[in-house]
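Participant: Below is the structure I would like to discuss, written out as C-alpha coordinates.
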Amino acid sequence: MREIALHLLDIAENSVAACARDITIAVDEDARKDRLLMIVEDNGKGMDEDMVARVVDPFVTSRTTRKVGLGIPLLKAAAEGCNGYLHINSAVGRGTRLEVEFQRSHIDRMPLGDLIGTWFELLVAWPQIHWIFRYRASGGEFLFDDAPIKKELGDVSLSEPSILTYLRETLQEGVKSVQKSQEDIHASSQIA
Amino acid sequence: MPAVKSLDELRKLKEEALEKRRAKTTAGNIQVTVAMGTCGIAAGARETMRAILDSIEADNLSGVVVKQTGCMGMCEMEPIVQVEVGGAPKVTYGKVNTELARRIMKEHVVGGHVVNELVIPAY
Ligand SMILES: Nc1ncnc2c1ncn2[C@@H]1O[C@H](COP(=O)(O)OP(=O)(O)OP(=O)(O)O)[C@@H](O)[C@H]1O
Ligand code: FES
Ligand SMILES: [Mg+2]
(Lines give C-alpha, C1' and ligand atoms only; values in the text may rest on other atoms or scores of the structure.)
(Ligands and ions follow the chains in the order given, each with its own letter.)
Protein backbone atom coordinates (compact mmCIF):
# COMPACT_ATOMS: atom_id res chain seq x y z
CA MET A 1 0.00 0.00 0.00
CA ARG A 2 1.29 3.40 -0.93
CA GLU A 3 -0.16 5.41 1.90
CA ILE A 4 0.03 5.25 5.67
CA ALA A 5 -3.63 6.24 5.84
CA LEU A 6 -4.56 3.05 3.97
CA HIS A 7 -2.59 0.98 6.47
CA LEU A 8 -4.41 2.72 9.30
CA LEU A 9 -7.70 1.84 7.64
CA ASP A 10 -6.60 -1.79 7.49
CA ILE A 11 -5.39 -1.84 11.11
CA ALA A 12 -8.63 -0.24 12.29
CA GLU A 13 -10.55 -2.90 10.37
CA ASN A 14 -8.79 -5.49 12.54
CA SER A 15 -10.08 -3.68 15.63
CA VAL A 16 -13.58 -3.69 14.18
CA ALA A 17 -13.28 -7.40 13.39
CA ALA A 18 -12.20 -7.97 17.00
CA CYS A 19 -15.58 -6.60 18.17
CA ALA A 20 -14.18 -3.43 19.70
CA ARG A 21 -16.70 -0.91 21.01
CA ASP A 22 -14.26 1.99 21.30
CA ILE A 23 -11.42 2.63 18.86
CA THR A 24 -8.87 5.43 19.00
CA ILE A 25 -6.69 6.37 16.05
CA ALA A 26 -3.90 8.82 16.86
CA VAL A 27 -1.34 10.38 14.55
CA ASP A 28 1.55 12.33 15.96
CA GLU A 29 3.94 14.22 13.70
CA ASP A 30 7.03 15.51 15.43
CA ALA A 31 9.14 17.48 12.99
CA ARG A 32 11.72 18.40 15.61
CA LYS A 33 12.40 14.83 16.68
CA ASP A 34 11.87 13.73 13.07
CA ARG A 35 9.35 11.04 14.05
CA LEU A 36 5.92 10.07 12.78
CA LEU A 37 3.99 8.00 15.32
CA MET A 38 0.64 6.28 14.87
CA ILE A 39 -1.40 4.46 17.51
CA VAL A 40 -4.53 2.38 17.04
CA GLU A 41 -6.10 1.29 20.30
CA ASP A 42 -9.21 -0.83 20.83
CA ASN A 43 -11.13 -2.69 23.52
CA GLY A 44 -11.87 -5.71 21.37
CA LYS A 45 -11.25 -9.36 22.11
CA GLY A 46 -7.47 -9.01 22.22
CA MET A 47 -4.77 -11.62 21.59
CA ASP A 48 -2.58 -13.78 23.77
CA GLU A 49 1.20 -13.44 23.70
CA ASP A 50 1.63 -16.31 21.32
CA MET A 51 -0.84 -14.86 18.86
CA VAL A 52 0.79 -11.41 19.00
CA ALA A 53 4.15 -13.00 18.24
CA ARG A 54 2.73 -14.83 15.26
CA VAL A 55 0.66 -11.95 13.93
CA VAL A 56 3.74 -10.05 12.82
CA ASP A 57 4.77 -13.13 10.88
CA PRO A 58 3.11 -13.26 7.44
CA PHE A 59 1.92 -16.84 7.86
CA VAL A 60 -0.60 -16.19 10.60
CA THR A 61 -4.27 -15.35 10.43
CA SER A 62 -7.36 -16.40 12.36
CA ARG A 63 -9.45 -16.09 9.24
CA THR A 64 -10.76 -19.13 7.44
CA THR A 65 -11.26 -17.80 3.92
CA ARG A 66 -7.60 -17.03 3.31
CA LYS A 67 -4.41 -18.27 4.84
CA VAL A 68 -2.18 -15.22 4.98
CA GLY A 69 -2.62 -12.07 7.04
CA LEU A 70 -1.04 -9.17 5.20
CA GLY A 71 -1.92 -6.00 7.02
CA ILE A 72 0.37 -5.98 10.03
CA PRO A 73 3.49 -7.61 8.52
CA LEU A 74 3.42 -5.18 5.59
CA LEU A 75 3.21 -2.16 7.85
CA LYS A 76 5.91 -3.52 10.17
CA ALA A 77 8.29 -4.04 7.26
CA ALA A 78 7.62 -0.54 5.97
CA ALA A 79 8.29 1.02 9.39
CA GLU A 80 11.46 -0.96 10.00
CA GLY A 81 12.73 0.06 6.59
CA CYS A 82 12.46 3.68 7.78
CA ASN A 83 14.33 3.44 11.12
CA GLY A 84 11.03 2.75 12.83
CA TYR A 85 9.20 -0.07 14.56
CA LEU A 86 5.82 -1.69 15.07
CA HIS A 87 4.77 -2.90 18.53
CA ILE A 88 1.61 -4.65 19.61
CA ASN A 89 0.40 -4.74 23.20
CA SER A 90 -2.60 -6.92 23.70
CA ALA A 91 -4.53 -8.73 26.41
CA VAL A 92 -7.26 -11.29 25.84
CA GLY A 93 -10.64 -9.85 26.72
CA ARG A 94 -9.24 -6.37 27.21
CA GLY A 95 -8.05 -5.05 23.91
CA THR A 96 -5.13 -4.20 21.71
CA ARG A 97 -2.80 -1.27 21.24
CA LEU A 98 -0.75 -1.12 18.07
CA GLU A 99 2.00 1.45 17.85
CA VAL A 100 3.97 2.13 14.68
CA GLU A 101 6.65 4.74 14.15
CA PHE A 102 8.64 5.99 11.16
CA GLN A 103 11.55 8.35 10.80
CA ARG A 104 9.56 11.22 9.36
CA SER A 105 12.16 12.44 6.86
CA HIS A 106 13.28 8.98 5.72
CA ILE A 107 13.51 8.86 1.97
CA ASP A 108 11.50 5.62 1.79
CA ARG A 109 8.72 6.75 4.10
CA MET A 110 5.41 6.55 2.31
CA PRO A 111 3.26 9.66 2.58
CA LEU A 112 0.65 9.94 5.32
CA GLY A 113 -1.94 10.13 2.56
CA ASP A 114 -5.63 10.76 2.99
CA LEU A 115 -5.98 10.53 6.76
CA ILE A 116 -9.24 12.47 6.74
CA GLY A 117 -10.65 10.03 4.19
CA THR A 118 -9.72 7.08 6.41
CA TRP A 119 -11.35 8.64 9.45
CA PHE A 120 -14.42 9.77 7.55
CA GLU A 121 -15.03 6.36 5.99
CA LEU A 122 -14.58 4.46 9.26
CA LEU A 123 -16.84 6.86 11.10
CA VAL A 124 -19.66 6.60 8.59
CA ALA A 125 -19.39 2.90 7.82
CA TRP A 126 -19.16 1.64 11.42
CA PRO A 127 -21.65 3.86 13.21
CA GLN A 128 -22.06 1.44 16.12
CA ILE A 129 -18.43 1.99 17.14
CA HIS A 130 -17.34 4.88 19.31
CA TRP A 131 -14.51 6.59 17.41
CA ILE A 132 -11.86 8.91 18.78
CA PHE A 133 -9.42 10.50 16.34
CA ARG A 134 -6.42 12.56 17.34
CA TYR A 135 -3.97 14.46 15.21
CA ARG A 136 -0.97 16.22 16.69
CA ALA A 137 1.76 18.19 15.02
CA SER A 138 4.37 20.45 16.61
CA GLY A 139 2.38 21.46 19.65
CA GLY A 140 -1.04 21.65 18.01
CA GLU A 141 -3.75 19.09 18.60
CA PHE A 142 -7.07 18.20 17.03
CA LEU A 143 -9.21 15.79 19.02
CA PHE A 144 -12.39 14.39 17.50
CA ASP A 145 -14.79 12.33 19.59
CA ASP A 146 -17.96 11.20 17.82
CA ALA A 147 -20.03 10.72 21.00
CA PRO A 148 -21.60 14.20 21.24
CA ILE A 149 -22.41 14.14 17.53
CA LYS A 150 -24.19 10.78 17.74
CA LYS A 151 -26.03 11.85 20.86
CA GLU A 152 -27.31 14.93 19.07
CA LEU A 153 -28.31 12.97 15.95
CA GLY A 154 -30.28 10.28 17.74
CA ASP A 155 -31.57 7.89 15.08
CA VAL A 156 -30.70 10.17 12.15
CA SER A 157 -28.11 8.31 10.07
CA LEU A 158 -24.56 9.58 9.65
CA SER A 159 -24.90 8.85 5.94
CA GLU A 160 -27.53 11.53 5.40
CA PRO A 161 -26.06 13.82 2.72
CA SER A 162 -25.92 16.97 4.85
CA ILE A 163 -24.46 15.07 7.81
CA LEU A 164 -21.74 13.59 5.57
CA THR A 165 -20.76 17.10 4.55
CA TYR A 166 -20.75 18.25 8.17
CA LEU A 167 -18.52 15.37 9.27
CA ARG A 168 -16.08 15.71 6.40
CA GLU A 169 -15.73 19.44 6.95
CA THR A 170 -15.33 19.01 10.71
CA LEU A 171 -12.42 16.60 10.18
CA GLN A 172 -10.88 18.70 7.41
CA GLU A 173 -11.02 21.93 9.36
CA GLY A 174 -9.67 20.27 12.51
CA VAL A 175 -6.62 18.79 10.81
CA LYS A 176 -6.06 21.93 8.79
CA SER A 177 -6.05 24.11 11.91
CA VAL A 178 -3.23 21.99 13.36
CA GLN A 179 -1.25 22.01 10.14
CA LYS A 180 -1.73 25.76 9.97
CA SER A 181 -0.25 26.25 13.44
CA GLN A 182 2.62 23.99 12.40
CA GLU A 183 3.34 26.25 9.44
CA ASP A 184 3.19 29.30 11.69
CA ILE A 185 5.75 27.78 14.03
CA HIS A 186 7.90 26.93 11.06
CA ALA A 187 7.64 30.44 9.65
CA SER A 188 8.50 32.13 12.97
CA SER A 189 11.49 29.85 13.55
CA GLN A 190 12.79 30.75 10.12
CA ILE A 191 12.57 34.42 10.98
CA ALA A 192 14.37 33.82 14.28
CA MET B 1 -12.76 18.99 20.28
CA PRO B 2 -12.04 22.59 19.33
CA ALA B 3 -15.24 24.36 18.34
CA VAL B 4 -14.37 24.31 14.66
CA LYS B 5 -17.93 23.48 13.77
CA SER B 6 -20.73 23.75 16.24
CA LEU B 7 -23.24 21.23 17.50
CA ASP B 8 -25.88 23.90 16.88
CA GLU B 9 -25.15 23.61 13.22
CA LEU B 10 -25.51 19.84 13.51
CA ARG B 11 -28.85 20.24 15.30
CA LYS B 12 -30.18 22.24 12.38
CA LEU B 13 -29.06 19.61 9.88
CA LYS B 14 -30.71 16.93 11.97
CA GLU B 15 -34.04 18.78 12.01
CA GLU B 16 -33.87 19.11 8.24
CA ALA B 17 -33.13 15.40 7.83
CA LEU B 18 -36.06 14.50 10.07
CA GLU B 19 -38.26 16.85 8.07
CA LYS B 20 -37.22 15.15 4.84
CA ARG B 21 -37.90 11.75 6.34
CA ARG B 22 -41.44 12.77 7.32
CA ALA B 23 -42.08 14.12 3.82
CA LYS B 24 -40.93 10.92 2.19
CA THR B 25 -43.71 8.52 1.26
CA THR B 26 -41.87 5.55 -0.24
CA ALA B 27 -39.93 4.41 2.79
CA GLY B 28 -37.64 1.97 0.95
CA ASN B 29 -34.68 1.39 3.21
CA ILE B 30 -31.51 1.14 1.10
CA GLN B 31 -28.28 -0.39 2.32
CA VAL B 32 -24.96 -0.28 0.45
CA THR B 33 -22.12 -2.43 1.80
CA VAL B 34 -18.45 -2.28 0.75
CA ALA B 35 -15.98 -5.09 1.60
CA MET B 36 -12.91 -3.58 3.28
CA GLY B 37 -10.50 -6.41 4.05
CA THR B 38 -6.84 -6.02 3.05
CA CYS B 39 -7.56 -7.39 -0.44
CA GLY B 40 -10.47 -5.06 -0.90
CA ILE B 41 -8.48 -2.04 0.21
CA ALA B 42 -5.54 -3.04 -2.00
CA ALA B 43 -7.91 -3.38 -4.96
CA GLY B 44 -9.28 0.13 -4.39
CA ALA B 45 -12.27 -0.44 -2.07
CA ARG B 46 -11.44 2.79 -0.33
CA GLU B 47 -11.86 4.82 -3.51
CA THR B 48 -15.04 2.87 -4.21
CA MET B 49 -16.40 3.73 -0.75
CA ARG B 50 -15.44 7.33 -1.33
CA ALA B 51 -17.29 7.46 -4.65
CA ILE B 52 -20.41 6.07 -2.98
CA LEU B 53 -20.32 8.65 -0.19
CA ASP B 54 -19.60 11.39 -2.75
CA SER B 55 -22.58 10.45 -4.85
CA ILE B 56 -24.84 10.51 -1.76
CA GLU B 57 -23.65 14.04 -1.06
CA ALA B 58 -23.67 15.24 -4.66
CA ASP B 59 -27.09 13.83 -5.54
CA ASN B 60 -28.54 14.48 -2.09
CA LEU B 61 -29.64 10.87 -1.59
CA SER B 62 -31.45 10.73 1.71
CA GLY B 63 -32.16 7.40 3.41
CA VAL B 64 -29.18 5.38 2.13
CA VAL B 65 -27.22 3.53 4.80
CA VAL B 66 -23.59 2.82 3.89
CA LYS B 67 -21.79 -0.02 5.64
CA GLN B 68 -18.45 -1.76 5.55
CA THR B 69 -17.69 -5.38 5.98
CA GLY B 70 -14.44 -7.30 6.22
CA CYS B 71 -13.10 -9.85 3.78
CA MET B 72 -15.67 -11.71 1.69
CA GLY B 73 -13.28 -14.44 0.55
CA MET B 74 -13.33 -13.53 -3.13
CA CYS B 75 -10.01 -11.75 -3.60
CA GLU B 76 -10.14 -11.66 -7.39
CA MET B 77 -13.57 -9.98 -7.38
CA GLU B 78 -12.59 -7.08 -5.10
CA PRO B 79 -13.68 -4.37 -4.65
CA ILE B 80 -17.04 -5.91 -3.81
CA VAL B 81 -20.20 -3.89 -3.22
CA GLN B 82 -23.57 -5.19 -2.07
CA VAL B 83 -26.85 -3.34 -2.53
CA GLU B 84 -30.03 -4.14 -0.67
CA VAL B 85 -33.16 -2.20 -1.52
CA GLY B 86 -36.14 -2.60 0.76
CA GLY B 87 -37.18 -6.24 0.93
CA ALA B 88 -35.50 -7.25 -2.35
CA PRO B 89 -32.70 -9.83 -2.15
CA LYS B 90 -29.15 -8.55 -1.69
CA VAL B 91 -27.27 -7.98 -4.97
CA THR B 92 -23.48 -8.52 -4.98
CA TYR B 93 -21.32 -6.64 -7.48
CA GLY B 94 -17.67 -7.41 -8.23
CA LYS B 95 -14.67 -5.39 -9.45
CA VAL B 96 -16.43 -2.15 -8.61
CA ASN B 97 -14.12 0.74 -9.41
CA THR B 98 -15.17 4.34 -8.79
CA GLU B 99 -16.82 4.68 -12.17
CA LEU B 100 -18.86 1.52 -11.72
CA ALA B 101 -19.73 2.57 -8.17
CA ARG B 102 -21.22 5.78 -9.51
CA ARG B 103 -23.11 3.77 -12.10
CA ILE B 104 -24.52 1.39 -9.48
CA MET B 105 -25.60 4.35 -7.34
CA LYS B 106 -27.35 5.92 -10.31
CA GLU B 107 -28.99 2.87 -11.87
CA HIS B 108 -29.65 0.62 -8.89
CA VAL B 109 -29.87 2.82 -5.79
CA VAL B 110 -31.65 5.75 -7.47
CA GLY B 111 -33.21 4.09 -10.52
CA GLY B 112 -34.11 0.78 -8.94
CA HIS B 113 -32.61 -1.33 -11.75
CA VAL B 114 -30.02 -3.99 -10.98
CA VAL B 115 -26.88 -3.52 -13.12
CA ASN B 116 -26.87 -7.09 -14.35
CA GLU B 117 -23.53 -7.26 -16.11
CA LEU B 118 -21.66 -6.33 -12.91
CA VAL B 119 -23.37 -8.87 -10.67
CA ILE B 120 -21.31 -11.77 -9.31
CA PRO B 121 -23.66 -14.53 -10.40
CA ALA B 122 -23.06 -17.47 -8.07
CA TYR B 123 -22.78 -15.50 -4.86
N1 LIG C 1 -6.87 -5.38 17.10
C2 LIG C 1 -6.88 -6.72 17.06
N3 LIG C 1 -7.57 -7.44 17.98
C4 LIG C 1 -7.59 -8.79 17.95
N5 LIG C 1 -6.95 -9.53 17.03
C6 LIG C 1 -6.26 -8.89 16.07
C7 LIG C 1 -6.17 -7.46 16.04
N8 LIG C 1 -5.40 -7.10 14.98
C9 LIG C 1 -5.03 -8.23 14.41
N10 LIG C 1 -5.53 -9.32 15.02
C11 LIG C 1 -5.33 -10.72 14.68
O12 LIG C 1 -4.21 -10.77 13.83
C13 LIG C 1 -4.55 -11.37 12.58
C14 LIG C 1 -3.71 -10.80 11.49
O15 LIG C 1 -4.07 -9.47 11.17
P16 LIG C 1 -3.71 -8.89 9.74
O17 LIG C 1 -4.31 -7.54 9.57
O18 LIG C 1 -2.25 -8.99 9.54
O19 LIG C 1 -4.40 -9.88 8.75
P20 LIG C 1 -5.97 -10.23 8.63
O21 LIG C 1 -6.79 -9.16 9.24
O22 LIG C 1 -6.19 -11.61 9.14
O23 LIG C 1 -6.16 -10.25 7.09
P24 LIG C 1 -6.14 -9.01 6.10
O25 LIG C 1 -4.93 -9.24 5.28
O26 LIG C 1 -7.41 -9.10 5.35
O27 LIG C 1 -6.03 -7.75 6.94
C28 LIG C 1 -6.06 -11.17 12.46
O29 LIG C 1 -6.66 -12.13 11.66
C30 LIG C 1 -6.52 -11.25 13.92
O31 LIG C 1 -6.69 -12.61 14.30
S1 FES D 1 -8.52 -12.47 1.50
FE2 FES D 1 -8.79 -11.65 -0.37
S3 FES D 1 -10.75 -10.94 -0.34
FE4 FES D 1 -10.45 -11.68 1.58
MG1 LIG E 1 -6.42 -7.05 8.79
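Participant: Suppose we keep just the DSSP beta bridges with both residues in the protein assembly as shown; what percent of those would be antiparallel, to 5?
Facilitator: Antiparallel bridges: around 75 percent, rounded to the nearest 5.
Participant: Which residues does the label zone of residue A:165 cover in the range B:46-83, counting backbone N under 20 Å from a point 7 Å along Cα→Cβ?
Facilitator: Label zone hits: B:50-66.
Participant: Per residue of A:9-17, how many C-beta atoms from partner chains lie within 10 Å of its own C-beta, taken as a mean?
Facilitator: Partner-chain Cβ atoms within 10 Å, mean over residues of A:9-17: 4.
Participant: Grab the DSSP H runs of the protein assembly as shown that are 4 residues or longer, score each as -39,500 (n - 2.57), total them, divide by all residues and round the 222 nm result to the nearest 500 deg cm²/dmol.
Facilitator: Here the helix-only value at 222 nm equals -12000 deg cm²/dmol.
Participant: Using mean Cβ contacts within 10 Å as the protection proxy, how do B:92-100, A:3-11 order, highest first?
Facilitator: A:3-11, B:92-100
Participant: Turning to a different aspect of this structure: How large is the charge dipole for the protein assembly as shown, taken about the Cα centre, if only the Cβ atoms of Lys, Arg (+1) and Asp, Glu (-1) carry charge, to the nearest 20 debye?
Facilitator: Dipole magnitude for the protein assembly as shown comes out near 500 debye.
Participant: Here is a follow-up. Round to the nearest 10 and report in Å² the accessible area of residue B:113, as given by a 1.4 Å probe over the protein chains' heavy atoms.
Facilitator: 120
Participant: Along Cα→Cβ, 7 Å out, is where each label goes; now give me the distance between the ones at residue A:21 and residue A:108 in nm to one decimal.
Facilitator: 4.2
Participant: Something else about it: Summarise the partner chain shielding of A:111-122 as one whole number: the mean count of Cβ atoms from other chains within 10 Å of each residue's Cβ.
Facilitator: Taking all residues of A:111-122 together, the mean is 2.
Participant: Let me ask you something else. How do the peptides B:16-22, B:30-36, B:53-59 rank, highest first, by the average count of neighbouring beta carbon atoms within 10 Å per residue?
Facilitator: Ranked by mean Cβ neighbours within 10 Å, highest first: B:30-36, B:53-59, B:16-22.
Participant: Charges only on Cβ, +1 for Lys and Arg, -1 for Asp and Glu: so what's the dipole of the range B:30-83 about the Cα centre, in debye to the nearest 20?
Facilitator: Dipole of the range B:30-83, to the nearest 20 debye: 160 debye.
Participant: Among the aspartates and glutamates, select those whose C-alpha is under 16 Å from the C-alpha of residue A:76, and discard any that sit fewer than 8 residues away in the same chain.
Facilitator: The qualifying aspartates and glutamates are A:3, A:10, A:57, A:99, A:101, A:108.
Participant: Here is a further query. Give the distance, in whole Å, between the Cα centre of the range A:25-46 and the Cα centre of the range B:73-118.
Facilitator: Using only Cα atoms to place each centre, the spacing works out to 35 Å.
Participant: Here's something else I'd like to know. Counting only other chains, and only Cβ atoms inside 10 Å, what mean value do you get across the residues of A:144-153?
Facilitator: Partner-chain Cβ atoms within 10 Å, mean over residues of A:144-153: 3.
Participant: Let me ask you something else. Could you sort the peptides B:101-109, A:27-35 by per-residue average Cβ neighbour count (10 Å cutoff), highest mean leading?
Facilitator: Descending mean neighbour count gives B:101-109, A:27-35.
Participant: Charges at C-beta only: +1 for Lys and Arg, -1 for Asp and Glu. How large is the resulting dipole of chain B about its Cα centre, in Debye rounded to 20?
Facilitator: Rounded to the nearest 20 debye, it is 320 debye.
Participant: Starting from 0.36 nm per residue, how many nanometres of slack lie between residue B:29 and residue B:88 once their C-alpha separation is accounted for?
Facilitator: Extra length from residue B:29 to residue B:88 when fully extended: 20.2 nm.
Participant: Given R₀ = 22 Å, FRET efficiency for residue B:54-residue B:18 by Cβ-Cβ distance, to 0.05?
Facilitator: Computed FRET efficiency for residue B:54 and residue B:18: 0.40.
The values are calculated or read from the model by the stated rules, or taken from the named source; none is laboratory data. The structure presented is a predicted model; accordingly, all values stated were derived computationally and were not measured. Note that each Cβ is placed from the backbone with ideal geometry, even for glycine, and that neighbours are counted across all protein chains shown. When the accessible area is computed, the model is the full protein with side chains, heavy atoms only, and any ligands, DNA or RNA have been set aside. Shrake-Rupley method; radii C 1.70, N 1.55, O 1.52, S 1.80 Å.
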